[in-house]
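Only the coordinates and a few stated rules stand behind these numbers; no lab work does. A quick note: this is a predicted structure, and the numbers were derived from the prediction, not measured. Ideal geometry is used to build each Cβ from the backbone, glycine not excepted, and the neighbour counts take in all protein chains shown.
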Amino acid sequence: MDNIIEMKIKDSNSWPIVSDGYFRKKMTDQLVKDGIRLDAVDKIFQNSINILSNCPNPMDETPNSKTGIVIGKVQSGKTSNFISLMALAFDNNYDIIVVLGGTKKILLGQNVTRISSYFSNIPMERMVILATNQNESILNPTAIKQFINEKRKVVIVGLKGKVRINTIAKIFADPILSNVPTLVIDDEGDQATLNTQSSRNSMSATYEAAVTLKERLKRHCFLSITATPQANILIKTWDQLSPDFGSLVYPGDDYCGLEEFHGENQDTYIKLIPDNEPSILEDMGLPMSFYKALATFFVGGAIRIYRGDTDNHAMLIHPSQRKFEHQIVMRKVNSVVNDWKVIARTKLGGINDLSYQSLLTYLHNAYLDFKNDGVILPSFNELENYILKCIRMCPDAHLCNGDEDASENSRFYKVNIFVGGNLVERGLTIKGLAVTYIIRRARGVSNVDNTEQRARWFGYKRSFLDVCRVFTTQPIKDDFSSILEHDDDLWATIERAELRGVPFKEIPRVFVLANKMLNMTRRNVAKTERFSYSEWNKQDYLLLIRSSVERNIAYINDFRKKNHDLIEILDYSGVNKHVLIKGLNFFEVKNSLLDNLIFPDESRLDNTFFNKLEEAIRKSEINPVIDILWIREKEHETRSINSSGEINQLFQGRNSTPGSPTYYPGDSSMVSISRSGVMQLQIHFIRPKNRPEVEYYSPAIALYVPSTYSEKMERLVGQI
């Protein structure tokens with residue numbers, strides 16, 4: 001009997017999930033056959049159960065749609081995870097799965113191949129896999145309905161582009177198919193699908209097509225799969241692709257990523273390219289750092305062979321995004337590699353050649369570098385022939401860009417060098433990648449998500465991590481050090497929200513990013529800003545809904561009553577008479593007072609503002625002390641407001657001169673009168689003097705954030 005797991009889903013009814021159905025069993029067999037341990041397979045499927053539990057129950061008759069995001073790590077095996085999710089979804093009454101499989105044909109082909117290979121042990125009578133670039137003639141409602149009627153599960157894989165997505169969307173214009181439970185998987189979901197025209201209040205073509213697809217599916221879940229979720233998290237929560245839920249997929253024990261390469265041991269794995277060295281792109285020979293990288297690559301390959309490691313060994317050169325520069329680098333690299341191959345063959349043939357001395361110097365220095373880094377090695381003499389054989393095995397470099405993708409040729413060789421740009425920075429997996437030479441970086445500010453996706457050196461490399469090296473520049477090294485801290489914070493933020501039961505849309509979009517040469521994502525998709533509070537943050541609109549005003553006053557009065565014993569009076573000539581309570585904890589004030597207040601929809605100071613501020617204070621490790629001041633608590637204030645409720649001027653200014661009987665320093669100066677080094681919350685009671693129909697006073701608040709707090713929060717970025 002199939003195992004049933006009853007999942008408790010936040011904000012939803014639980015639904016029973018079959019955890020050991022036909023497709024799960026077939027997928028398990030295939031994963032084990034591919035060399036994945038059974039305990040690792042169980043972990044993959046537990047991730048899938050957690051993800052599917054958040055999706056709509058396909059057995060519900062009522063139309064129900066959700067949007068989710070699945071967050072993994074770069075090069076951590078997200079494909080096997082989402083294909084396992086597909087198997088589980090099929091076992092649980094989802095009938096159609098749409099996979100948006102990348103923006104380039106090679107990535108589409110890679111996805112089709114992987115999906116087909118994972119499901120290769122399932123007969124065609126149970127499932128069909130269709131690709132938009134291969135099966136367009138049967139991508140129509142009639143054919144799909146026939147498959148469904150025959151109880152065959154349907155997978156449709158398409159490129160992320162307007163034309164291909166619309167081809168898929170047309171299928172679901174059919175009223176019967178629009179009600180078939182469908183899972184949409186957007187692979188690399190932070191790329192292309194999101195709206196790049198949001199700042200112009202318009203829709204980019206691919207985004208519009210994705211929204212059309214979603215609108216036609218009455219019972220579906222749209223899942224974005226990515227290792228760089230910054231853009232998906234930072235888009236407005238009302239956006240149709242903003243996630244309703246998020247799931248973190250933890251990599252296996254053998255994974256090596258940001259922590260291993262850019263953490264405490266980064267000086268072992270990251271080798272700096274000197275600032276004063278000519279670039280590999282300049283019209284001259286190759287720089288000395290590249291010769292070191294190439295020698296490191298061949299020596300590292302020899303070490304692996306000596307140990308009995310028969311897997312692929314690869315090097316990646318990522319010089320720029322320009323295709324003509326890839327050709328320049330290719331010619332230079334192939335010239336050197338071919339020279340070294342001739343020398344290696346000559347030496348292996350027993351002929352002593354003077355030219356070998358120059359090569360020997362590079363190889364021996366690379367050997368010593370490994371030794372100095374603590375790698376356990378045989379003697380150089382024992383290793384020498386292995387190094388020469390490794391050089392001899394290497395073919396010409398493989399070019400991977402939009403003009404040419406020669407990476408398929410690499411399957412004929414054990415030792416490979418790749419040169420590329422955009423094509424090698426996202427989604428493409430390079431087997432056995434051990435040495436990376438990367439100089440590509442934007443001249444100004446870079447984006448975290450794009451930069452992290454270039455880290456093809458991440459992956460399941462524990463068995464040969466000690467011979468992995470990245471040759472790069474100081475700015476790129478600094479980028480990744482900052483991204484490590486940022487990535488840890490992002491995951492911790494989501495984990496903390498999950499533990500506290502905070503819905504995904506309500507997670508404060510505040511993240512650590514100390515490096516000011518990095519933005520979180522593309523500004524045409526989502527905008528962020530550094531936390532930089534002006535000292536005074538004022539409620540700029542007055543609440544004029546009487547029932548809500550009375551509710552706010554009740555909470556304010558109740559809070560004051562509970563803290564009555566702490567009250568002090570500040571008296572300026574009777575009129576400016578304030579009530580002061582000192583030394584409260586900000587978190588307690590927020591929880592018991594601010595979280596209960598209702599704010600005008602237009603106000604800059606609202607619950608979202610305070611949620612973000614709370615998150616920023618926590619992440620800045622500030623001990624948040626706050627004073628509360630009831631301003632003119634007896635003689636309330638009148639202020640002019642415009643037709644939309646905007647307050648003309650909340651604060652009363654200074655009156656008279658110091659020493660005068662009527663002197664008052666002004667509302668904004670009350671912080672220096674009480675304590676300028678702590679936060680201050682002012683509560684004003686305002687009646688609009690130009691709106692005679694409003695006969696009641698409405699609370700309006702202002703918050704002072706001391707500069708010492710603001711300075712600590714400047715290492716944070718938040719959603720605009």
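Below is a table of values for the structure above.
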item	result
Cα-Cα over 30 Å, subset of Lys104/Lys431; Lys73/Lys151; Lys104/Lys371; Lys271/Lys332; Lys43/Lys162	Lys73/Lys151; Lys104/Lys371; Lys43/Lys162
Label zone at Glu498 (point 7 Å along Cα-to-Cβ), backbone N below 20 Å, the stretch 28-57	39-57
J(HN,Hα) series, the stretch 531-542, from Karplus relation 6.51 cos²θ - 1.76 cosθ + 1.60, nearest Hz, glycine and proline x	6, 9, 7, 5, 4, 9, 10, 10, 5, 9, 10, 9
Whole-angstrom Cα spans of the stretch 14-248 along principal axes, big to small	50, 39, 39
Label zone at Arg345, where the point sits 7 Å out along the Cα-to-Cβ direction: the stretch 372-394 residues whose backbone N lies under 17 Å	388-394
The stretch 569-653: relative contact order in percent, alpha carbon pairs under 8 Å with at least 6 residues between	37
Shape parameters for the stretch 569-700, alpha-carbon atoms, Rg then Dmax in Å	16.1, 47
Estimated translational D of the stretch 193-254 in µm²/s (Stokes, Kirkwood radius over Cα pairs; 4 °C; 1.567 mPa s)	98
FRET E, pair Phe380, Lys162, Förster distance 51 Å, beta-carbon r, rounded to 0.05	0.30
Asp488, Asp275 arranged by Cβ crowding within 10 Å, fewest neighbours leading	Asp275, Asp488
Other-chain or far-sequence residues with amide H under 5 Å of Ile17's (modelled H)	Ile5, Glu6, Met7
FRET E, pair Lys634, Glu215, Förster distance 56 Å, beta-carbon r, rounded to 0.05	0.50
Dimensionless Rg ratio for the chain, taking C-alpha atoms and the 2.2 N^0.38 Å reference	1.16
Gain on full stretching of the segment that runs from Arg441 to Asn265 - 0.36 nm per residue minus C-alpha separation	61.1 nm
Amide H contacts under 5 Å for Asn519, placed H, 5+ residues apart	Ser446, Asn447, Val448
Hits among lysines - C-alpha to C-alpha of Lys561 under 26 Å, sequence gap 8 or more where chains match	Lys538, Lys577, Lys582, Lys590, Lys634
Taking Thr212, Thr493 and counting other C-beta atoms within 10 Å, the order from fewest to most	Thr212, Thr493
Relative packing of 131-139, 163-171, which averages over residues the other C-beta atoms within 10 Å, highest first	163-171, 131-139
Placed amide H near Met127: partners under 5 Å, 5+ positions off or other chain	Lys153
Sequence-separation-based contact order of the stretch 110-259, relative, with Cα cut under 8 Å and 6+ spacing, percent	20
Rh by Kirkwood over Cα pairs, then Stokes-Einstein D for the stretch 118-160 at 1.306 mPa s and 10 °C, µm²/s	146
Full-extension gain in nm, Met284 to Lys689, via 0.36 nm per residue minus C-alpha separation	138.2 nm
Reachable aspartates and glutamates, given that their alpha-carbon falls under 17 Å from the alpha-carbon of Lys461 and they are not under 8 places away in the same chain	Asp34, Asp253, Asp254, Glu259, Glu260, Asp309, Asp311
Helix 380-393 axis, angle to the chain major axis (alpha carbon atoms, nearest 10°)	90
Helix 105-118 vs. the chain, principal-axis angle (Cα, 0 to 90°, nearest 10)	80
Cβ crowding within 10 Å averaged over residues, with 416-423, 600-607, 539-546 ranked highest first	416-423, 539-546, 600-607
Relative contact order of the chain, pairs being alpha-carbon contacts under 8 Å that are 6 or more residues apart, as %	12
Neighbour-count order for Tyr555, Tyr269, fewest beta carbons within 10 angstrom listed first	Tyr555, Tyr269
Those residues of the stretch 591-635 whose amide nitrogen sits under 12 Å from the label point placed on Glu529, 7 Å along Cα→Cβ	604-605
Residue-averaged 222 nm ellipticity for the chain, from DSSP H runs of 4+ at -39500 (n - 2.57), nearest 500	-11500 deg cm²/dmol
Using a Förster distance of 30 Å, the FRET efficiency for Asn334-Leu368 (Cβ separation, nearest 0.05)	0.65
Between helix 22-33 and the chain: long-axis angle, C-alpha atoms, 0 to 90°, nearest 10	50
